[in-house]
Structure formats: C-alpha cells, structure tokens
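Structure, as structure tokens:
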Amino acid sequence: MSLAVRHATREDAAEMAELINTIIAIGGTTAYEEPFDPASMDASYISLPELVSCFVAEAEGRIVGFQGLMRSFDPDDTLPDGWATIGTFARVGLTQRGVGGALFARTLRAAREAGITAIDATIRADNTGGLAFYARQGFVDYDRMVGVPLRNGAPVDRIRKRFDIR
Ligand SMILES: CC(C)(COP(=O)(O)OP(=O)(O)OC[C@H]1O[C@@H](n2cnc3c(N)ncnc32)[C@H](O)[C@@H]1OP(=O)(O)O)[C@@H](O)C(=O)NCCC(=O)NCCS
C-alpha cells in the first residue's frame, strides 16, 4: 500500500470521524465509546489548542489512518511539563500494513520540533494490538490505571507507555 502522510485539516474531519466511528462501533480497542461527528473530531484532533500535531495517512486518495499528539489537556489527568499524549487509528481492514508506523515517524519528528520530551500512550489493557503496536515503536510501560470503568461500569485497566525523546 503506497502511503502519503500529511497534516490533518478541518476538511478531513468528516472522514476521520467516519474512520474512528467504525473502530468505536466494533469496541474493545479505543477508550472512546461515543461516536464523533465532524465538529467533535475537529475540536479534539484538529483545532485543539493543546495539539502538537495530527497527521493523516492517505492511500489512493482515501484516509486510511490518523494520529494525534497533544499536550496535557485533561484536567483530571494532567501530564508532566514537556509531555504529550498520542492516539493512533488505522482504518478497519487495513491494519498491520504500515499505516501506524508511517504516522509515528512523522509525529516523532513533529514532537522533537515542538520540544516534547516524552510521549504518553494510554491503552486499554485488553487492546493487545494497540499494546503490541506501541511496543514495536519503542514505547515502554511506566504505569497502570486499575479498573477504569467503561460506560457500562465494567472495569478495564489502562496501561501507560512512554516514549522518551532524546
Ligand atoms: C493499533 C493500530 C493503530 C496499529 O496501526 P497499524 O497501521 O496496524 O500498525 P503498523 O502496520 O504500522 O504496525 C507497526 C508495527 O506494529 C506491529 N503491530 C501492529 N498491530 C499489531 C497487532 N495487532 N499485533 C501485533 N503486532 C502489531 C506490526 O506488526 C508492525 O511491526 P513491524 O514494524 O515489525 O512490521 C491499529 O491496529 C488500530 O487502529 N487499532 C484500533 C485503534 C487502537 O487500538 N488504537 C490504539 C490506542 S490509541
């Protein structure tokens, strides 16, 4: 699959929402449980004031994945100064074909340029694919959030991985 990686723009919001909503509907990987619409996607991944970067990967004119990196924005889960948190989504049916890795190469460059010193990835403990992906990029475990409830109350641990930028 020939991939082109570029910055996300507001015009991408609808396609990015559609891509992530398919992942949310399947369940079990992303921590998101509510679907996005173009406005909430724009607010979360494109126009967010704390955004460091958001890249999309395209193949044959279609968005096949995106990756956002943002400085601390959640008052209930603050990150240390210099840290940013990452989220990666590859189109269902097109995983394990290099989309996430191609996005991370660009995100890492943007992180360095922005002076980010460490990247957090907080992943559901039952998301074996996500854990394997970030481990493959060089992330290592640094914390575990125990029993974070899903919308239905079911507790699911979150594994926190970090990537230090030197
Ligand atoms: C996790 C996710 C982003 C990975 O993206 P991807 O495009 O499939 O990843 P890549 O093809 O670039 O894989 C990069 C490396 O990770 C490994 N990897 C990716 N997914 C894997 C999996 N499910 N199991 C084992 N290894 C995996 C690949 O084998 C590859 O290794 P290599 O460099 O030795 O070839 C994708 O599966 C996804 O969107 N999942 C649903 C959403 C999600 O869980 N996001 C993570 C939490 S934010």
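Quick check on my filter: what residues within the range 135-158 are within 12 Å of the ligand (Cβ to nearest atom) and open to solvent by 20 Å² or more (accessible area, probe 1.4 Å)?
The answer is Ala135, Arg136, Gln137, Gly138, Arg158.
Residues of the range 104-119 being outside any helix (DSSP H, G or I) and open to solvent by less than 60 Å² (accessible area, probe 1.4 Å), which ones?
Ala114, Gly115, Ile116, Ala118, Ile119
Residue check: is Ser40 touching a Leu at 6+ places or on another chain (Cβ under 9 Å), surrounded by fewer than 18 Cβ atoms within 10 Å (Cβ to Cβ) and without any contact (Cβ under 8 Å) to a residue 24 or more places away in the chain?
When the stated conditions are applied, Ser40 does not pass them.
Starting from the range 107-118, take each residue that is farther than 18 Å from Val56 by Cβ and list its partners that are outside any helix (DSSP H, G or I) and basic (Lys, Arg), counting only C-beta distances under 6 angstrom and pairs at least six apart or across chains.
Ala118/Arg162
Taking Arg97 as the residue in question, decide whether it is at pLDDT 95 or above, open to solvent by 40 Å² or more (accessible area, probe 1.4 Å), over 21 Å from Glu33 (Cα atoms) and near the ligand (Cβ under 9 Å from one of its atoms).
yes
Is one or more of the residues making up the range 20-35 out of contact with any Phe, Trp or Tyr (no Cβ under 6 Å at 6 or more places or on another chain), among the hydrophobic types (A, V, I, L, M, F, W, C) and more than 23 Å from Asp126 (Cα to Cα)?
Checked against the condition, which is being out of contact with any Phe, Trp or Tyr (no Cβ under 6 Å at 6 or more places or on another chain), among the hydrophobic types (A, V, I, L, M, F, W, C) and more than 23 Å from Asp126 (Cα to Cα), the range 20-35 yields no hits at all.
Go through Thr117, Thr85 for me and flag whichever is of a type in the set (Val, Ile, Thr) and either more than 13 Å from the ligand (Cβ to nearest atom) or farther than 30 Å from Met1 by Cβ (or both).
The match here is Thr117.
The values are calculated or read from the model by the stated rules, or taken from the named source; none is laboratory data. In this text the structure is predicted, and so the values were computed from the model without any measurement. Don't worry about glycine lacking a Cβ; one is built from the backbone with ideal geometry, like all the others, and counts go over all protein chains shown. These accessible areas exclude ligands, DNA and RNA; they are computed on the full protein's heavy atoms, side chains included. Shrake-Rupley method; radii C 1.70, N 1.55, O 1.52, S 1.80 Å.
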